[in-house]
Amino acid sequence: MTQAAMQKDRLLFEGADWDFTTLQRIHDACEEIAIGELGLDVYPNQIEVITAEQMLDAYSSTGMPLFYRHWSFGKHFAHHEAFYRRGMRDLAYEIVINSSPCISYLMEENTATMQTLVIAHAAFGHNHFFKNNYLFKLWTDAEGILDYLDFAKGYIARCEERYGETAVERTLDAAHALMSHGVHRYAGKTRLDLRQEEKRQQERRAHEEQMFNDLWRTVPTGRKRDAADVDLERRRAALGLPQDNLLYFLEKSSPRLQPWQREILRIVRHVAQYFHPQRQTKVMNEGTATYVHYQIMERLHDRGQISDGNYFEFLKSHTNVVFQPTYDDRRFSGFNPYAIGFAMMQDIERIVTKPTDEDREWFPDIAGRGDPMQVLRGIWADYRDESFISQFLSPHLIRKWRLFQLYDDPQMSEGILVSAIHDERGYKRVRRQLAREYDIGWTDPRIDIIDVDLAGDRRLLLQHRAPNDWVLEDSETRQVLQHLADLWGYDVMLQEIDSAEKVVKEHAAHPREILHKGDLFS
């Protein structure tokens, strides 16, 4: 057999065409490298090939294969479809689900090269990160999520049949408006078991049919009592205040919600909690998957399993994925998580294998260790975006990316101050500031329920504390607060507190009358 014939025999595919036998061969070759050479630990893989329209549909429902119905999903579908049909936006080559088995959706329009890339990227890169990162271990139930979504979809469909689509839709609208404030930010003692949620829901309903909320029965309806009559500390303790998980508080304590509405809030809350780790690991997750697919594709090419032509096709796509426009480019809209994540992974590989004296000073624990995959697997398991950037963004990469920090001083009539340059102090400031941009504790508004006026009109009091002194946007705050008042059933008041502990702004909302007439709370 000639050398050309032997090389052709080693190829996983030729040209752009593929079939399901080819996909299996590609998957097995990627798996051999991912597990055997890179040491990855993954969930079992399930690969689904879907059309462009099915990919658009997956976009609209946050990529989940099972989801309840809601009008917002159709809105998102129409939006993405319009841009796609006009050629103004491409579709993702894949969508991957954090479940066990790990489900990867592949576009049927992809070439064989692109199918190889996305299998390496999703089925092994993302898959490993989902299974091993501590946030996903702490907050998600990969084995139970699909069963839980099936239960949620069926439960909400039954609610629509029994209580009407309008009532269910308005409950979901209100819950979705508060979704970002429906997560537990700190881990509890037990991990949520989604497989048991349907059984627990049945037990809750049976219990609620036998019991009633004695707390609200004892609320006085006559003359308002003096504040001294109510012990603030005991009241807060009884209601679990302060509480930053708004959906959890409403689910447990709202006096006007029916049992089925509380269950819908619980469903939305569990879905929000499922996605909470992904919001904190965008750079790491995409950086990991991009680094893994690059390693796998390089090794497949070195082995002669993909041709030079197919490898160049991969490089073109990979380059587009990790492209980072400069700040003065019209396409600039912030940092590309693929670009910064992949660049940091490669930089860590450089520090581990070919460190400079500067690297040894800044990263004594990993510099010169010699095994980049061992170091990277440990980092992928133990960090989130904010801590990853604050620990591993190197002076070398800051110089390479030409990063610096600007400060817009309101006291200056003209010009902007450069507050961090390329010196030791500047590197630390740049790294600290960039890490803060990925800290949801800094970027997300922190809103706590601090009190309920049980002795009077049952008004709910909330506070927004902004460590950066940024106040909330008025129109959006009014809309979200309105949904909160509708679910609570009584007035709500939100105070904005600055860093000096002063109330700088107040927002109020009243429950809409149509909801009191039985349209929602019946």
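The values are calculated or read from the model by the stated rules, or taken from the named source; none is laboratory data. Given the structure is predicted, the values throughout are model-derived calculations rather than measurements. Using ideal geometry, Cβ is built from the backbone for each residue, glycine included, and neighbour counts are taken over all protein chains shown.
Does Glu496 satisfy the condition of being exposed (fewer than 12 other Cβ atoms within 10 Å of the Cβ) and at pLDDT 85 or above? Outline the logic, then answer.
On the way: exposed (fewer than 12 other Cβ atoms within 10 Å of the Cβ): no; at pLDDT 85 or above: yes.
When the stated conditions are applied, Glu496 does not pass them.
Tally up the residues in the range 136-155 that are surrounded by fewer than 21 Cβ atoms within 10 Å (Cβ to Cβ), of a type in the set (A, V, I, L, M) and in a helix (DSSP H, G or I), please.
2
Going through Arg225, Arg262, Arg256 one at a time, which residue ends up being modelled with pLDDT of 90 or more and either part of a helix (DSSP H, G or I) or surrounded by fewer than 20 Cβ atoms within 10 Å (Cβ to Cβ) (or both)? Show your work before the answer.
On the way: Arg225 fails: modelled with pLDDT of 90 or more; Arg256 fails: modelled with pLDDT of 90 or more.
None of the others qualify; the one that does is Arg262.
Taking interchain pairs and intrachain pairs at least six residues apart, which have beta carbon atoms under 6 angstrom, with the first residue in the range 499-522 and of a type in the set (Gly, Ala, Ser) and the second part of a strand (DSSP E or B) and modelled with pLDDT of 50 or more?
From the range 499-522, the pairs are Ala508/Met493; Ala509/Val492.
Conditions (1) surrounded by 12 or more Cβ atoms within 10 Å (Cβ to Cβ); (2) assigned to a strand (DSSP E or B); (3) of a type in the set (Ser, Thr, Tyr); (4) at pLDDT below 90, marked per residue:
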site	(1), (2), (3), (4)
Asp9	no, no, no, yes
His27	yes, no, no, no
Ala34	yes, no, no, no
Phe67	yes, no, no, yes
Ser72	yes, no, yes, yes
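Are any residues in the range 128-173 modelled with pLDDT of 90 or more, within 18 Å of the chain's Cα centre (by Cα) and of a type in the set (A, V, I, L, M, F, W, C), and if so, which ones?
Scanning the range 128-173 gives Phe129, Phe130, Leu135, Phe136.
Table: residues versus (1) farther than 30 Å from Phe388 by Cα; (2) at pLDDT below 90; (3) among the aliphatic types (A, V, I, L, M).
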position	(1), (2), (3)
Ile440	no, yes, yes
Ile449	yes, no, yes
His464	no, no, no
Pro511	yes, no, no
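Could you grab me the full set of residues in the range 287-323 that are surrounded by fewer than 24 Cβ atoms within 10 Å (Cβ to Cβ) and under 24 Å from Phe136 (Cβ atoms)?
Scanning the range 287-323 gives Tyr294, Gln295, Val321, Val322.
Looking at the structure I just gave you, is Thr477 of a type in the set (Val, Ile, Thr), under 29 Å from Gln261 (Cα atoms) and free of Cβ contacts under 8 Å to residues at least 40 places away in the same chain? Before you say what the answer is, go through the steps one by one.
On the way: of a type in the set (Val, Ile, Thr): yes; under 29 Å from Gln261 (Cα atoms): yes; free of Cβ contacts under 8 Å to residues at least 40 places away in the same chain: yes.
Yes: the conditions hold for Thr477.
Would you be able to say whether some residue in the range 75-94 is of a type in the set (A, V, I, L, M, F, W, C), within 18 Å of the chain's Cα centre (by Cα), modelled with pLDDT of 90 or more and under 28 Å from Lys316 (Cα atoms)?
Within the range 75-94, the subset of a type in the set (A, V, I, L, M, F, W, C) is 77-78, 82-83, 88, 91-92.
Those left that are additionally within 18 Å of the chain's Cα centre (by Cα): 92.
The next check asks that each one be modelled with pLDDT of 90 or more; those that pass are none.
The answer is no; no qualifying residue exists.
Quick test for you: out of Arg299, Arg331, pick the one residue that is at pLDDT below 95 and over 22 Å from Ile389 (Cα atoms).
On the way: Arg299 fails: at pLDDT below 95.
From the options Arg299, Arg331, the qualifying one is Arg331.
Filtering the range 92-135 down to residues that are in contact with a Pro (Cβ under 8 Å, 6 or more places away or on another chain) and not in a helix (DSSP H, G or I), which residue is farthest from Thr51 (Cα to Cα)?
First pass over the range 92-135, keeping only residues in contact with a Pro (Cβ under 8 Å, 6 or more places away or on another chain): 97, 100-103, 133, 135.
From the residues that got through so far, the ones that are not in a helix (DSSP H, G or I) too are 97, 100-103, 133.
Numbers: Ile97: 17, Ser100: 23, Pro101: 21, Cys102: 19, Ile103: 16, Asn133: 31 Å.
Among them, the one singled out is Asn133.
Ile398 versus (1) under 24 Å from Val321 (Cβ atoms); (2) at pLDDT 95 or above; (3) β-branched (Val, Ile, Thr): which is the lone unmet condition?
The failed condition is (2).
Would you pick out the residues in the range 324-361 that are within 30 Å of Gly15 (Cα to Cα) and surrounded by fewer than 14 Cβ atoms within 10 Å (Cβ to Cβ)?
none
Going by the conditions given, is Gly368 small (Gly, Ala, Ser), over 29 Å from the mean Cα position of the chain (by Cα), within 23 Å of Leu40 (Cα to Cα) and in the same structural domain as Ala289 (by TED's automatic domain parsing)?
no
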